[in-house]
Amino acid sequence: MIPENPSFHAHHSPVGALASFTCGAHGAKGGMGLELSGPYQGDISVGYQDAAGTLNLLPLFADNDSSESERYVEGSLQAARPQRVLKDVTREYLWATDRISAPGVTFEIVTPFFAIPDPKYATPTELAFASCPVVQVSVTFKNDGTEGIRGIFALGIDHRWSSLGERTNGTLTGAMSREEIGFATQNEEASCWMDFDPLSALNRKHSTAEFLLGPTAGLEIYVPPGEERTLEITLGFFKAGTATYNRAMSYYYTQHFTNLSQVLEYGIACREEYLELARERDEELASSKLNDEQKFLIAHATRSYYGSTQWLWDGSQSVWVVNEGEYLMMNTFDLTVDMLFFEMRFNPWTVRNELEQFVNRYSFYDEVFDPADPETLYPGGISFTHDMGVMNHWSPATRSSYEVGGLDRACFSHMTCEQLTNWVLCAGAYLSKTHDEEFLRRYRHILVECFTSLQNRDHHDPAQRDGIMSLESSRTQGGGEITTYDSLDHSLGQSRRNIYLGGKMWASYVALEKLFELSELDELSKEAREAASLAAKTLTEGYDPNLGYIPAVLEEGNTSAIIPAIEALVYPYFMGLSEVTSEQGPYGDYIKTLKKHLKHVIDTGICLYEDGGWKLSSSADNSWMSKINLCQFVAREILGFDFGKGQFEADRAHARWEREGSKLSACSDQFRSGVAHGSLYYPRIVTNILWLREQ
């Protein structure tokens, strides 16, 4: 895919290292960083010095007329050492390969991804290969002139560099900083330098190439006239020792590598194997029948997902964590349920790992109350926290970093009912694809408790239940619960009587019916089916013919229209229960009603932006890219919608939101009128992996 605008930041990240080489936006800071909430604020210099002494660079750095050398030497040296930014920059953006080119130079960044072997069964060799925290880079310089040029790759950072040559007995050429980030090559024609900046290095008066006072390190190679040369470079990341706090864990790769130079040596040795896997991924996406904007969105989201991942070791076993983008909350459950489809495609063991973590440490029991009588408490049941911690700090058992009491349907309140549905839906998806009988036996009692808890949140009196949430968790301390749409208005932010969450309760009951059947709990299976029928009936009867849709909240005269009313259909469909999402199936009236609902909110434009992008709520200028992508799949694949020309218009709008509205923050989730305003640097958008199933 060749994006119409090549200037945007993207993650380039190894698996499970919470690390990123972020670059791509023109005139912007970027670089290599660990455990960051945004792009590293350094300079990336890729280009060549021509015979006249002018340094020609790709525009991957922030313009700066001064040099740190001027702190030591008075007077500007820029006039004597000219520099220009290369024009006519193009970009080819594939699933695992990002290729940025201008006349004379091609910069290629390769981030292979593949099925991570289950640590319970894989060999040490397989696990070392999967966990090695490297990114592969190459820079090709083509010299069409009649005089030689000097090609360079350099990184400017806010601390200092040391030489790899000494550490590796001359087997690697490159530099590293603080044993955390580094780059290396085995190209015998390449040399390494360190200085204040590339101009200072290439025009130095002294004879010491590695001038350790400078914050910039680079590789250079001579390119004779009429020839081309390629620098093959491996970027490596490493964090030794304790990585997390309150529960001390290390990065999994430290089980196989003891320092950064080992990582770089291994990454170089396995370079061709990594590149071949990247080519396979590139071809897989390129050969799909998706349009180019959809391919772009999948490639962009995948990079951002891996940029947020942490594969940890607790001393006895692997622990999988996906951080919540800029917020760095750990295993946020309402993201886990959306990233589920990507993880099930590539790494099902990570879903099992996350579910087990929630049960073993981040589950709890509460009571519930009627908002009309908050002082009277009734049995609630099991549920799960919003997250497991923040910024490498694990939360205490049974608590999240996010949720607090005493708030009424506002940011940071509890998401108790939604997280309960998320455990059930993730478990249903995991079991339907893996047929993990041991997991089902071990957690059957949790499924039973989840069923009881769901019903108690409907109503404490079985005779008054209608299948969707009406009672609030005691954890709110008299307040009200919210959904994952925490910063939205009541149309999607409020949990109680919300048709988005009501749909997830219906889907949870459908999943439980199947799981109870597999567990030979026939009576519970029947009860779950009855609960699903009750929820579907309530949601169907909520349709307002005067409005033309089901209002977002079934209380207090609400008239907001929302697209995510259809979202929950994805879970039974993904489980292979396609009969329940069919108009001819047991919930046919519900499915027909959802089709009428979606047709109206799209056809009338009340849930569309002017550029054709999808507006999740008619009453709020706030849309989540992950949820848009998910609902598009449901609309097309499950409900059978054909949006014609409008489909590409929407895809182009959403891609532009990412390339332009979020150009400096890599892939983002939360947009207002096409401009990212929250959930930056985010992993959740990999819901769009579902689009590949439509073929």
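The values are calculated or read from the model by the stated rules, or taken from the named source; none is laboratory data. A quick note: this is a predicted structure, and the numbers were derived from the prediction, not measured. Note that each Cβ is placed from the backbone with ideal geometry, even for glycine, and that neighbours are counted across all protein chains shown.
Numerical summary
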{"quantity": "Test: residue in segment 430-449 that is over 20 Å from residue 575 (Cβ atoms), in the same structural domain as residue 511 (by TED's automatic domain parsing) and either in contact with a Phe, Trp or Tyr (Cβ under 6 Å, 6 or more places away or on another chain) or part of a strand (DSSP E or B) (or both)", "calculated": "no"}
{"quantity": "Members of segment 97-107 that are assigned to a strand (DSSP E or B) and among the small types (Gly, Ala, Ser)", "calculated": "101, 102"}
{"quantity": "Residue satisfying condition, being more than 18 Å from residue 339 (Cβ to Cβ) and in contact with an Asp or Glu (Cβ under 8 Å, 6 or more places away or on another chain), within set 277, 260", "calculated": "260"}
{"quantity": "Sole exception among (1) of a type in the set (A, V, I, L, M); (2) farther than 14 Å from residue 264 by Cβ; (3) surrounded by 22 or more Cβ atoms within 10 Å (Cβ to Cβ) for residue 135, by number", "calculated": "(2)"}
{"quantity": "Tally of residues being within 22 Å of residue 694 (Cα to Cα) and either outside the structural domain of residue 425 (by TED's automatic domain parsing) or in contact with a Phe, Trp or Tyr (Cβ under 9 Å, 6 or more places away or on another chain) (or both) across segment 580-590", "calculated": "2"}
{"quantity": "Among residues of segment 386-403, those that are of a type outside the set (Gly, Ala, Ser) and over 20 Å from residue 326 (Cβ atoms), counted", "calculated": "3"}
{"quantity": "Residues satisfying the stated conditions in segment 175-232, i.e. farther than 17 Å from residue 21 by Cα, aromatic (Phe, Trp, Tyr) and under 38 Å from the mean Cα position of the chain (by Cα)", "calculated": "193, 196"}
{"quantity": "Exclusive hit being assigned by TED's automatic domain parsing to the domain that holds residue 537, out of contact with any helix residue (DSSP H, G or I) (no Cβ under 6 Å at 6 or more places or on another chain) and of a type in the set (Ser, Thr, Tyr), set 421, 476", "calculated": "476"}
{"quantity": "Segment 507-558: number of residues that are touching a residue at least 24 places away in the same chain (Cβ under 8 Å), among the polar types (S, T, N, Q) and out of contact with any Asp or Glu (no Cβ under 7 Å at 6 or more places or on another chain)", "calculated": "4"}
{"quantity": "Segment 557-576, residues that are more than 25 Å from the chain's Cα centre (by Cα) and surrounded by 24 or more Cβ atoms within 10 Å (Cβ to Cβ)", "calculated": "561"}
{"quantity": "Segment 108-167 - residue that is assigned to a helix (DSSP H, G or I) and free of Cβ contacts under 8 Å to residues at least 40 places away in the same chain and, of those, farthest from the chain's Cα centre (by Cα)", "calculated": "166"}
{"quantity": "Candidate set from segment 365-379 (those that are charged (D, E, K, R) and within 21 Å of residue 446 (Cβ to Cβ)); member that is surrounded by the fewest Cβ atoms within 10 Å (Cβ to Cβ)", "calculated": "367"}
{"quantity": "Set 308, 288, 316: member being in contact with a Phe, Trp or Tyr (Cβ under 9 Å, 6 or more places away or on another chain) and within 29 Å of residue 245 (Cβ to Cβ)", "calculated": "308"}
{"quantity": "Counted residues, segment 380-409 - those being farther than 24 Å from residue 314 by Cα and buried (at least 18 other Cβ atoms within 10 Å of the Cβ)", "calculated": "7"}
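For (1) modelled with pLDDT under 95; (2) touching a strand residue (DSSP E or B) at 6+ places or on another chain (Cβ under 7 Å); (3) farther than 30 Å from residue 605 by Cβ; (4) of a type outside the set (S, T, N, Q), each residue gets a yes or a no:
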| site | (1), (2), (3), (4) |
| --- | --- |
| 449 | no, yes, yes, yes |
| 455 | no, no, yes, no |
| 467 | no, no, yes, yes |
| 502 | no, no, no, yes |
| 514 | no, no, yes, yes |
| 525 | no, no, yes, no |
| 529 | no, no, yes, yes |
| 542 | no, no, no, yes |
